[in-house]
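*Asks:* If you scroll down you'll find the structure; I have some questions about it.
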Amino acid sequence: MRLSLRFLLPLALALAGVAYAVIPLVDTLTLKWFVRDIEIRVQLIAGTMEGPLSELVASQSKAKLQAYLQRIIQDERLFAIGFCDRNNQLIYKTATYPDSVPCEQAAEVKSGPTAVVRLAQGAVHVAAVGLETGGRPLGRLILLHDMSWAERRSSLTKWYLFYLFAGIGVVISLVTVLVAHLSWRGWVQGVRGMLRGEGLIGLIRDQQHKPELQPVAQDLRAMIHELQSDKRMRDERQMSWKPATLKMILRDHLAGDEVMIVSNREPYVHNRRDQQIDVQVPASGVVTALEPIMRACSGVWIAHGSGSGDRDVVDARNHVRVPPDDPAYEIRRIWMTSEEEEGYYYGFANEGLWPLCHLAHVRPVFRSSDWTHYKAINERFAMTIVEEAKTDNPVVLIQDYHLALVPKMVRDRLPHATIITFWHIPWPNPESYAICPWHQDILEGLLGSSILGFHTRFHCSNFIKTVDRSLETRIDWDSSTISYGGKLTAVNHYPISIEWPSRMFLGQPSVPECRTQIRAKYGLSASHQVGIGVERLDYTKGILERFLAVERLLELQPEWIGKLSFLQLAAPSRSKIDEYQHLGQQVTAFADRINRRFGRGTYQPIYLMIKHHDPEEIAIHYRAADFCVVSSLHDGMNLVAKEFVAARDDEQGVLILSQFTGAAAELAEALVVNPYNIDECAAALQLALTMPGTEQRARMRSLRGIVQEFNVYRWAGRMLMDAARMRQRARVLRQTGGRDVRAATEEFR
Ligand code: F6P
């Protein structure tokens, strides 16, 4: 409203000024035109009257002359006529002739505006025309025209003009206010956008709906976009990585393109319990890493609906919105029969590829029936991606060894899609990999990706060497790209991480409270030393080895007996597989044996909890512990190590970390051990138990800095930025028709 007045007031004043100057001018002009009209009439009337009037004057018949004059003034505008003789005596006149216009005055009257005089009856035009007869002056004919009609017309014209200006004023005001409002809002939003850090793009974007600005806006937008993209892409290390950063990448670098995540494991599992449906967050590195990404980007997460209550909560299109307490994105569930799950998941993925890629000395098993299911389920995932895609070039983030064939299957159907595949487990050396009977199919499947990511350079190098051995490809070792079937795949390392700050630790009790809670839970004294291990019950995790290390420590340093307990949280995993069942029995037997050997009364050196634990429960354990052991025999990254670090905002606690994890390359301030070397691990336990608080603080502070800086948003952001670069390059190639120097040289010849 205030804005409208700001525009309206000056406009009204300007219009009033214009009206004030123009209306009198128009008035004078119209009067001039009327007078000129009357003067022409006067000449006409006088010319017509001259003959008859001379005769009548000569006949001296006063009555006839009077009647003649009376007839003439029947004309409604001719108001009165008088005739003055040569001596300026008014000798004849009509009854309407006013006394106030004597012959002397009339004789002086000249033609022109001055001839208009104001009498009692209103404005009158007075004209005196000399008449002659036989060459001698006869006298003067005085004609008085009524000018009141001219005044009436003039005043009408003034009103018309006034209404016209007022009308124009109103129309101009409305248009001005409307345009001003729109552009003001647009620019204000744009400026606000700039202040919010959205840059000039926002400003231009807001103006671009104006057709006249479109070409300029487009050019400017393109230019600024390129400049900003380039700058941001170069400054990856300077960026602060958080959910908003990912949103910014999607908006600025991927133009808000749709993002889909595809994995076997779903982030929320609905399970039927009695009459209720429980929601569970599975113990999975994929879920830990990707859930915050999906929260930040929205979109769809395609995954296997593995929960007993999963079908009960989806809509007709098999979608369910999650997280349940604050929905931010959708899970699209894929169904499979238990036979299919047996072959695809338990069989090929976890009895074949899992041990193949992990050097944990468990023999991989490859069955052709499992392979058939693996192919069919991969096809099902691919078809679902195509079905879910809203555009022909979505950004698809495919996760892990369960879906190795999906990239190619999607590429065949959506050639313009940007496919980022991340392999969450290690990649073995070419000799080991060649054990897989379908090793070429797996490689071809993965080479459907635009970007293929591993945790470490070492895994990337293993993969490229494997491809080199198995397929006819063009490999550029410098840029780490593989060209196969005319399609380029970039192979890069992207160390995965966790969100920072982690929601898992928000609102948790203080560290002293957690220590008290956990010690009370296990019936331990306040000074009791506590170690922690958290994982799926998997043979790659080195759980047996860490139990052996605890045993060795108690052997070598018996003063810890009764003062130290190790809490192992182990989520049951893949328990249909023999190896996993066997592991379950083994760890239980090891824990029992050690507890029998060193247990005293209620004292237990090892507490083994084989069950699912909620993230909150895990967080309290992390915060209560004096040290955490991650002793994987082989691991892609291992996020437990990073979670423990993130949990310790008190900067206390020691991390003992296997050298065979991807995390060891980043977390050098941990006590890095070879899990196969039991004595070394026992020594690390002793070191952790006796480490001064100041040293713990120095190590933990540095570790926290690394996890904070290299958080999961950076992991995803780097991949998305690389994808954006690829898309940009593809766009340029399309625009330039893919012309290159080689083709130009051909034409040149
Ligand atoms: O480590 C590979 C991985 O896919 C992880 O990303 C994840 O933590 C785990 O395996 C999940 O196992 P599953 O889905 O079989 O329970």
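The values are calculated or read from the model by the stated rules, or taken from the named source; none is laboratory data. Since the structure is predicted, the reported quantities are computational estimates derived from the model, not experimental observations. Methodologically, a virtual Cβ is constructed for each residue, glycine included, from the backbone with ideal geometry; neighbour enumeration extends over all protein chains shown. The accessibility values were calculated without ligands, DNA or RNA, using every heavy atom of the protein model including side chains. Shrake-Rupley method; radii C 1.70, N 1.55, O 1.52, S 1.80 Å.
*Asks:* Condition test on Arg731, is it basic (Lys, Arg) and closer than 29 Å to His459 by Cβ? Give the derivation first.
*Replies:* On the way: basic (Lys, Arg): yes; closer than 29 Å to His459 by Cβ: no.
It is false that Arg731 is basic (Lys, Arg) and closer than 29 Å to His459 by Cβ.
Table: residues versus (1) touching a helix residue (DSSP H, G or I) at 6+ places or on another chain (Cβ under 9 Å); (2) of a type in the set (Val, Ile, Thr); (3) under 22 Å from Gln728 (Cβ atoms).
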{"position": "Leu414", "(1), (2), (3)": "yes, no, yes"}
{"position": "His439", "(1), (2), (3)": "yes, no, no"}
{"position": "Glu444", "(1), (2), (3)": "yes, no, no"}
{"position": "Phe458", "(1), (2), (3)": "yes, no, no"}
{"position": "Lys465", "(1), (2), (3)": "yes, no, no"}
{"position": "Asp476", "(1), (2), (3)": "no, no, yes"}
{"position": "Tyr494", "(1), (2), (3)": "yes, no, yes"}
{"position": "Trp500", "(1), (2), (3)": "yes, no, no"}
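*Asks:* For the stretch 411-441, which positions are part of a loop (DSSP other than H, G, I, E, B) and under 17 Å from Phe381 (Cα atoms)?
*Replies:* Of everything in the stretch 411-441, those that are part of a loop (DSSP other than H, G, I, E, B) and under 17 Å from Phe381 (Cα atoms) turn out to be Leu414, Pro415, Ala417, Trp423.
*Asks:* I've got another one for you. Condition test on Ala646, is it within 25 Å of Leu290 (Cα to Cα), among the small types (Gly, Ala, Ser) and assigned to a helix (DSSP H, G or I)? Before you say what the answer is, go through the steps one by one.
*Replies:* Values: within 25 Å of Leu290 (Cα to Cα): yes; among the small types (Gly, Ala, Ser): yes; assigned to a helix (DSSP H, G or I): yes.
Against the criterion (within 25 Å of Leu290 (Cα to Cα), among the small types (Gly, Ala, Ser) and assigned to a helix (DSSP H, G or I)), Ala646 qualifies.
*Asks:* Answer yes if at least one residue in the stretch 505-526 is of a type in the set (A, V, I, L, M), farther than 30 Å from Cys460 by Cβ, outside any loop (DSSP other than H, G, I, E, B) and open to solvent by 60 Å² or more (accessible area, probe 1.4 Å), and no otherwise. Walk me through how you get there before you give the answer.
*Replies:* Restricting attention to the stretch 505-526, the residues satisfying the condition of being of a type in the set (A, V, I, L, M) are 506, 511, 518, 520, 524, 526.
Add one more test, that the residue is farther than 30 Å from Cys460 by Cβ, and what stays is 506, 511, 518, 520, 524, 526.
Of the ones still in play, those that are also outside any loop (DSSP other than H, G, I, E, B) are 511, 518, 520.
Among the residues that remain, those that are also open to solvent by 60 Å² or more (accessible area, probe 1.4 Å) are: 520.
Yes, that holds for at least one residue.
For (1) surrounded by 12 or more Cβ atoms within 10 Å (Cβ to Cβ); (2) within 60 Å of the chain's Cα centre (by Cα); (3) on the phi > 0 side of the Ramachandran plot, each residue gets a yes or a no:
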{"site": "Ile23", "(1), (2), (3)": "yes, yes, no"}
{"site": "Leu31", "(1), (2), (3)": "yes, no, no"}
{"site": "Leu53", "(1), (2), (3)": "yes, no, no"}
{"site": "Gln60", "(1), (2), (3)": "no, no, yes"}
{"site": "Ile73", "(1), (2), (3)": "yes, no, no"}
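*Asks:* Let me spell it out: the conditions are (1) within 16 Å of the ligand (Cβ to nearest atom); (2) open to solvent by less than 20 Å² (accessible area, probe 1.4 Å), and Asn271 meets all of them except one. Which number is the exception?
*Replies:* Tallying (1) within 16 Å of the ligand (Cβ to nearest atom); (2) open to solvent by less than 20 Å² (accessible area, probe 1.4 Å), Asn271 fails exactly one: (2).
*Asks:* Out of Arg367, Arg363, which single residue is more than 31 Å from the chain's Cα centre (by Cα), within 22 Å of Ser632 (Cβ to Cβ) and surrounded by fewer than 20 Cβ atoms within 10 Å (Cβ to Cβ)? Don't jump to the end; show me each part of the working.
*Replies:* Values: Arg367 fails: within 22 Å of Ser632 (Cβ to Cβ).
Every option except Arg363 fails the conditions.
*Asks:* Hey, another quick one. Of all residues in the stretch 627-657, how many are within 14 Å of the ligand (Cβ to nearest atom) and not basic (Lys, Arg)? Walk me through it before giving the result.
*Replies:* First, the residues of the stretch 627-657 that are within 14 Å of the ligand (Cβ to nearest atom): 630, 632-643.
After this cut, where a residue has to be not basic (Lys, Arg) as well, the list is 630, 632-641, 643.
Here the count works out to 12.
Let's see how each residue does on (1) farther than 30 Å from Leu720 by Cα; (2) at pLDDT below 85; (3) in contact with a strand residue (DSSP E or B) (Cβ under 7 Å, 6 or more places away or on another chain); (4) acidic (Asp, Glu):
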{"position": "Asp274", "(1), (2), (3), (4)": "yes, no, no, yes"}
{"position": "Asp278", "(1), (2), (3), (4)": "yes, no, yes, yes"}
{"position": "Ala289", "(1), (2), (3), (4)": "no, yes, no, no"}
{"position": "Pro292", "(1), (2), (3), (4)": "no, yes, no, no"}
{"position": "Ser298", "(1), (2), (3), (4)": "no, yes, yes, no"}
{"position": "Ile302", "(1), (2), (3), (4)": "no, no, yes, no"}
{"position": "Gly309", "(1), (2), (3), (4)": "yes, no, yes, no"}
{"position": "Asn318", "(1), (2), (3), (4)": "no, no, yes, no"}
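*Asks:* Mind counting the residues in the stretch 659-680 that are in contact (Cβ under 8 Å) with a residue 12 or more places away in the chain, over 17 Å from Ala360 (Cβ atoms) and either assigned by TED's automatic domain parsing to the domain that holds Asp400 or open to solvent by 40 Å² or more (accessible area, probe 1.4 Å) (or both)?
*Replies:* Adding up the residues that qualify gives 4.
*Asks:* State all residues of the stretch 280-299 that are within 16 Å of the ligand (Cβ to nearest atom) and aliphatic (A, V, I, L, M); if no residue qualifies, say none.
*Replies:* The initial filter retains those residues of the stretch 280-299 that are within 16 Å of the ligand (Cβ to nearest atom), namely 280-294.
Within the stretch 280-299, Val281, Ala283, Val286, Val287, Ala289, Leu290, Ile293, Met294 qualify.
Matching residues to (1) within 16 Å of the ligand (Cβ to nearest atom); (2) surrounded by fewer than 22 Cβ atoms within 10 Å (Cβ to Cβ); (3) within 31 Å of the chain's Cα centre (by Cα):
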{"position": "Thr421", "(1), (2), (3)": "yes, no, yes"}
{"position": "Pro426", "(1), (2), (3)": "yes, no, no"}
{"position": "Cys436", "(1), (2), (3)": "no, yes, no"}
{"position": "His439", "(1), (2), (3)": "no, yes, no"}
{"position": "Leu443", "(1), (2), (3)": "no, no, no"}
{"position": "Phe454", "(1), (2), (3)": "yes, no, yes"}
{"position": "Arg457", "(1), (2), (3)": "no, yes, no"}
{"position": "Arg469", "(1), (2), (3)": "no, yes, no"}
{"position": "Thr473", "(1), (2), (3)": "no, yes, no"}
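*Asks:* Being assigned to a helix (DSSP H, G or I), open to solvent by 50 Å² or more (accessible area, probe 1.4 Å) and in contact (Cβ under 8 Å) with a residue 12 or more places away in the chain is the filter here, so list the residues in the stretch 245-268 that pass it.
*Replies:* As a first pass, look at the stretch 245-268 and keep what is assigned to a helix (DSSP H, G or I): 245-253.
Pick out the ones that are also open to solvent by 50 Å² or more (accessible area, probe 1.4 Å) and you get 247, 251.
Lys247 - this is the single residue of the stretch 245-268 that is assigned to a helix (DSSP H, G or I), open to solvent by 50 Å² or more (accessible area, probe 1.4 Å) and in contact (Cβ under 8 Å) with a residue 12 or more places away in the chain.
*Asks:* Here are Leu537, Leu608, Leu564: which of them is surrounded by 20 or more Cβ atoms within 10 Å (Cβ to Cβ), within 16 Å of the ligand (Cβ to nearest atom) and not polar (S, T, N, Q)?
*Replies:* Result: Leu537 is the single residue among Leu537, Leu608, Leu564 that is surrounded by 20 or more Cβ atoms within 10 Å (Cβ to Cβ), within 16 Å of the ligand (Cβ to nearest atom) and not polar (S, T, N, Q).
*Asks:* So, one more: Restricting to the stretch 540-561, name every residue that is part of a helix (DSSP H, G or I) and either at pLDDT below 95 or within 16 Å of the ligand (Cβ to nearest atom) (or both).
*Replies:* The first filter runs over the stretch 540-561 and keeps only residues part of a helix (DSSP H, G or I), leaving 540-541, 543-556, 558-560.
Answer for the stretch 540-561, where residues must be part of a helix (DSSP H, G or I) and either at pLDDT below 95 or within 16 Å of the ligand (Cβ to nearest atom) (or both): Thr540, Lys541, Ile543.
*Asks:* Tell me, which helices (runs of 4 or more DSSP H) lie completely within the stretch 300-393 with 2 or more residues that are more than 14 Å from the ligand (Cβ to nearest atom), under 28 Å from Pro415 (Cα atoms) and touching a residue at least 12 places away in the same chain (Cβ under 8 Å)? Break it down into steps so the answer makes sense when it comes.
*Replies:* Numbers: elements: 310-313, 338-341, 354-357, 368-388.
Per the criteria, 368-388.
*Asks:* Now a separate question. Of (1) over 21 Å from Arg515 (Cα atoms); (2) assigned by TED's automatic domain parsing to the domain that holds Tyr539; (3) open to solvent by less than 60 Å² (accessible area, probe 1.4 Å), Ile656 satisfies all except one. Which?
*Replies:* That leaves (1) as the condition not met.
*Asks:* Quick one: count up the residues across the stretch 687-733 that are more than 24 Å from the chain's Cα centre (by Cα), surrounded by 14 or more Cβ atoms within 10 Å (Cβ to Cβ) and among the β-branched types (Val, Ile, Thr).
*Replies:* Residues flagged as more than 24 Å from the chain's Cα centre (by Cα), surrounded by 14 or more Cβ atoms within 10 Å (Cβ to Cβ) and among the β-branched types (Val, Ile, Thr) within the stretch 687-733 amount to 2.
*Asks:* Further question on the same structure: I need the full set of residues from the stretch 370-392 which are open to solvent by 50 Å² or more (accessible area, probe 1.4 Å) and in contact with a strand residue (DSSP E or B) (Cβ under 7 Å, 6 or more places away or on another chain), in order please.
*Replies:* Across the stretch 370-392, the qualifying residue is only Arg380.
*Asks:* Against the definition (under 17 Å from Gly445 (Cα atoms), away from the ligand (no atom under 16 Å from the Cβ) and either free of Cβ contacts under 8 Å to residues at least 24 places away in the same chain or of a type in the set (Phe, Trp, Tyr) (or both)), how does Pro415 come out, yes or no? Don't jump to the end; show me each part of the working.
*Replies:* Details: under 17 Å from Gly445 (Cα atoms): yes; away from the ligand (no atom under 16 Å from the Cβ): yes; either free of Cβ contacts under 8 Å to residues at least 24 places away in the same chain or of a type in the set (Phe, Trp, Tyr) (or both): yes.
Against the criterion (under 17 Å from Gly445 (Cα atoms), away from the ligand (no atom under 16 Å from the Cβ) and either free of Cβ contacts under 8 Å to residues at least 24 places away in the same chain or of a type in the set (Phe, Trp, Tyr) (or both)), Pro415 qualifies.
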